[in-house]
1. In this structure, is S177 closer than 16 Å to R91 by Cα and in a loop (DSSP other than H, G, I, E, B)?
2. List the number of the failed condition for G222; all other conditions in (1) open to solvent by 40 Å² or more (accessible area, probe 1.4 Å); (2) touching a Lys or Arg at 6+ places or on another chain (Cβ under 9 Å) hold.
3. Can you work out which of the residues in the range 128-139 that are more than 13 Å from N162 (Cα to Cα) and touching a residue at least 24 places away in the same chain (Cβ under 8 Å) is surrounded by the fewest Cβ atoms within 10 Å (Cβ to Cβ)?
4. Would you point out the residue of the range 285-297, among those that are open to solvent by less than 70 Å² (accessible area, probe 1.4 Å) and under 42 Å from the mean Cα position of the chain (by Cα), that is nearest to Q95 (Cα to Cα)?
5. Is there a residue being at pLDDT 90 or above, over 26 Å from N148 (Cβ atoms), touching a strand residue (DSSP E or B) at 6+ places or on another chain (Cβ under 6 Å) and open to solvent by 60 Å² or more (accessible area, probe 1.4 Å) anywhere in the range 79-89?
6. Could you please find all residues in the range 140-162 being in contact with a Ser or Thr (Cβ under 7 Å, 6 or more places away or on another chain) and either of a type in the set (D, E, K, R) or buried (at least 17 other Cβ atoms within 10 Å of the Cβ) (or both)?
7. Taking the range 268-284 on its own, how many of its residues are surrounded by fewer than 16 Cβ atoms within 10 Å (Cβ to Cβ) and polar (S, T, N, Q)?
8. Considering only residues of the range 252-297 that are touching a helix residue (DSSP H, G or I) at 6+ places or on another chain (Cβ under 9 Å) and among the aromatic types (F, W, Y), which is modelled with the highest pLDDT?
Amino acid sequence: MPRSTRFPLAIFALGCAAPAPLLAQDADEDLAAMRMQLAAMNARIDQLETELEATRAAAAAVPAPTPPAEPAAAAPVAVLAASDGWSFKPRGRLQYDAGFVNVPNETGRSEGWGSEARRARLGVQGEMPGGFGYKFEGDFAGDDIDVNDAIISYEAGDLELNIGQHNNFQSLEELTSSLHISNLERAAFTDAFGFERRVGVSAQYKGDAVLVQGGFFTDNIGDLSNKNWSMDGRVVAMPKLGSTQLHFGGSAHYADLEAGSTVRYRQRPLVHFTGERFINTGDMAASSEFGAGVEAA
């Protein structure tokens, strides 16, 4: 091969071979730099871990704050305890009556068809802690709202005490609730002699076969205030004859009336919606009243 041809080829070969050592040198330098950076990062991580451990140790050395006595948590417990023993029960009834009254023409009394809401009562009753109870019931049947029962009671075993407006103790017929009587009206004598609820205080003892009731009363809550007062008592024997329940009782009533009082005994014809009273004594001056009754069932 001519000389002029070999020289340019050698120059070319050297030119191509020269960059390889330079690239290798640069790679080594970059790798060394990365190693230094990794070493610095590891050192920083070690430093942070050391600081974190020191912080944890310092926190553990500080005593935890003592929690308060939690008065707020104790209050609901007291409220729950106070509410134990309370009960609430709504009560009421609606009784409607309709009928026809026919009388002899010579009496001159009114007759014919009549109807009314006989009883429209709404109330509540329940128990309170300590053996106490309550009952309140109003009657909305008439033009006015009448208070029927307004009682606070206390029970201790077989003994029960009542204070407020409630029935005094005159006959089984009067004391049987209108929810359980056979007819819408009670026997005529209960209205004729003015049996009604009165404001007072009473006590009752009920054993297995005996019932004793007594109380001191003023007047019906709708008629107060006046100086009337009364005392009522009732004793009932309740024996059993085989599977049959028997009932024998007696009651007594005495009322002292305010000076200048009058009494009147009268009764409707077995319905309440008429104002006619075919039995009527008229007004009679009286200073006291005494009644006695017997009952059996």
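1. In short, yes.
2. (2)
3. So, considering only residues that are more than 13 Å from N162 (Cα to Cα) and touching a residue at least 24 places away in the same chain (Cβ under 8 Å), the one surrounded by the fewest Cβ atoms within 10 Å (Cβ to Cβ) is G130.
4. Applying the filter and picking the extreme gives E295.
5. No, the range 79-89 contains no residue that is at pLDDT 90 or above, over 26 Å from N148 (Cβ atoms), touching a strand residue (DSSP E or B) at 6+ places or on another chain (Cβ under 6 Å) and open to solvent by 60 Å² or more (accessible area, probe 1.4 Å).
6. Quick first cut of the range 140-162, residues in contact with a Ser or Thr (Cβ under 7 Å, 6 or more places away or on another chain) only: 160-162.
The answer is E160, N162.
7. Residues in the range 268-284 being surrounded by fewer than 16 Cβ atoms within 10 Å (Cβ to Cβ) and polar (S, T, N, Q): 2 in total.
8. Y265
The values are calculated or read from the model by the stated rules, or taken from the named source; none is laboratory data. Computed from a predicted structure; not experimentally measured. When we count neighbours, we look across all protein chains shown, and the Cβ atoms used for this are built from the backbone with ideal geometry, even at glycine. Surface accessibility is based on the protein's heavy atoms, side chains included, excluding ligands, DNA and RNA. Shrake-Rupley method; radii C 1.70, N 1.55, O 1.52, S 1.80 Å.
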